[in-house]
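Below: one structure, written as structure tokens.
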Amino acid sequence: MDSDCNGNPMAICLGINGKIEPINEVIEQHQVSEAETSHKQPFVIGVAGGTASGKTTVCDMIIAQLRDQRVVLINQDSFYRILSDEQLRQVHDYNFDHPHAFDTEQLLCCMEKLQHGQAVDLPNYDFKSHKNYTLPARRVNPADVIILEGILVLHDPHVRELMNMKIFVDTDADLRLARRIRRDTVERGRDVRSVLDQYSKFVKPAFDDFILPSKKHADIIIPRGGDNHVAIDLILQHILTKLGQHNLCKIYPNVYVIHSTFQIRGMHTLIRDVKTTKHDFVFYADRLIRLVVEHGLGHLPFTEKQVTTPIGCIYTGVDFCKKLCGVSIIRSGESMENALRACCKGIKIGKLLIHRDGDNGWQLIYEKLPTDISARHVLLLDPVLATGNSAIKAINLLLHKGVPESHIIFLNLISAPEGIHAVCKKFPRLKIVTSEIDVALSKEFQVIPGMGGFGDRYFGTVETNNHNP
């Protein structure tokens, strides 16, 4: 039996191993956890680096610029293990830079609570007594951004899994040593000789054995620490972009939601309104589809190209991807074909008809694809991603035809979290581009709040209200 952050007994609860069965055998609905629906998941940043590398300075600069966000800084130093009486008697021979010096289990427990929207009391480690109960605990409330700072925060794989961004502050060893001497003599009352002895005996070997190897896990490496203003500005722009994204975009980096504006929200309001006429529904759906297609095209590879302008100047631009095709999932996907043709002159478009056959799952009824589709990038078209079952069937067929997973971009107007989970967990290398992510699926597998039966509303096969012509 494990214990929680407060030392109380805690049972370990394991979820069911959600193995995805073949699509034509079992239809699975991913259960959205309470953490995903009840509150906004925080953006977690890990900042690692050697002793006195400037980690705290980098963190302070990020916090200062994120003044409009709720930000909390958690220091790994707060989670040093309490030393026994024997260890206290030989404290000068204790390695505070070794991974075993930290109570990583307690750190993970506190982080999990914060991610679930719960406040925690962080231990306040006293570096003179080497205890964490002599000083009052630090109350930390849930935040939009959690910065986890420490020499070894990138060492443990379980801690790394919590992070949306991993930073390593890389500073010259001589400068780090000079800063360490100044800090430990001024702030911790130590003499220079003891600082140098500890550095050569523990600090430098731990850096070489544990801290420096963790550098390979970093997403961003900042040379010169807080002096590198360009790197920190770029990091801040990335953080601000991610904070504006849906939580699932943080979980799955291959999911892209087009930037929302009042125009886009207004068009969504119209196509979701049950009173909207067929004519208006088609008009505004087409506008949204065009935006999604344009955004999807932006994820295709390109090559640099130079052209001569009419006044004889050279313009350096890009050349579009030539080997491209669309594949629409009949019949709703056909509504997206005109927008694709308008953006890509003469593009080839294949067709797939996938139908649910009772308890037999989803069956492929018809397929007609370009013969050379394995050599092309594919834009898969379906305006609604609900359970993800038909999409998975379509993607499996494309893979069977030889299309690389990374060459598939799935375009849709709205996505349900369950569908994103199902598709992204099975195909982590394809891209999903959508205009909005909705709340959930109903028990009847309808997207909530959704927009009803898209194909029926677009093609006018079902009258949804008395206002439709």
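What the table shows:
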read-out	value
Filter result for the condition that a residue is closer than 23 Å to L135 by Cβ, surrounded by fewer than 16 Cβ atoms within 10 Å (Cβ to Cβ), modelled with pLDDT under 85 and assigned by TED's automatic domain parsing to the domain that holds F210, over D60, D93, D85	D85
Single match in S390, S406 (criterion: free of Cβ contacts under 8 Å to residues at least 60 places away in the same chain, not hydrophobic (A, V, I, L, M, F, W, C) and not in a loop (DSSP other than H, G, I, E, B))	S406
Region 252-265, residues that are in contact with a helix residue (DSSP H, G or I) (Cβ under 8 Å, 6 or more places away or on another chain), closer than 20 Å to P42 by Cα and not polar (S, T, N, Q)	Y252, V255, Y256, V257
Enumeration of residues in region 99-120 that are in contact with a strand residue (DSSP E or B) (Cβ under 9 Å, 6 or more places away or on another chain) and more than 19 Å from P142 (Cα to Cα)	A101, F102, D103, E105
Segments classed as helices (runs of 4 or more DSSP H), wholly inside region 262-363, with at least 1 members that are free of Cβ contacts under 8 Å to residues at least 12 places away in the same chain and under 28 Å from L430 (Cα atoms)	262-272, 337-343
Residue match in region 194-206 (condition: among the aromatic types (F, W, Y), buried (at least 19 other Cβ atoms within 10 Å of the Cβ) and closer than 30 Å to I448 by Cβ)	no
Test result for P213, in the same structural domain as V439 (by TED's automatic domain parsing), under 25 Å from I62 (Cβ atoms) and surrounded by fewer than 16 Cβ atoms within 10 Å (Cβ to Cβ)	no
Criterion: in a strand (DSSP E or B) and either of a type in the set (F, W, Y) or at pLDDT below 95 (or both) - qualifying residue of E444, E463, E418, E436	E436
Single unsatisfied condition, R190 versus (1) among the charged types (D, E, K, R); (2) outside the structural domain of I409 (by TED's automatic domain parsing); (3) assigned to a helix (DSSP H, G or I)	(3)
Count of region 171-181 residues which are assigned to a helix (DSSP H, G or I) and either at positive phi or crowded, with 18+ Cβ neighbours inside 10 Å (or both)	3
Residue in region 216-237 that is in a helix (DSSP H, G or I), exposed (fewer than 15 other Cβ atoms within 10 Å of the Cβ) and β-branched (V, I, T) present	yes
Residue within region 310-330 that is within 18 Å of T461 (Cα to Cα) and assigned by TED's automatic domain parsing to the domain that holds L381 present	yes
Residue count, region 411-448 (criterion: in contact (Cβ under 8 Å) with a residue 60 or more places away in the chain, among the aliphatic types (A, V, I, L, M) and surrounded by fewer than 23 Cβ atoms within 10 Å (Cβ to Cβ))	4
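The values are calculated or read from the model by the stated rules, or taken from the named source; none is laboratory data. Values in this document were obtained by computation on a predicted structure and should not be read as measured data. All Cβ positions, glycine included, derive from the backbone under ideal geometry; neighbour counts span all protein chains shown.
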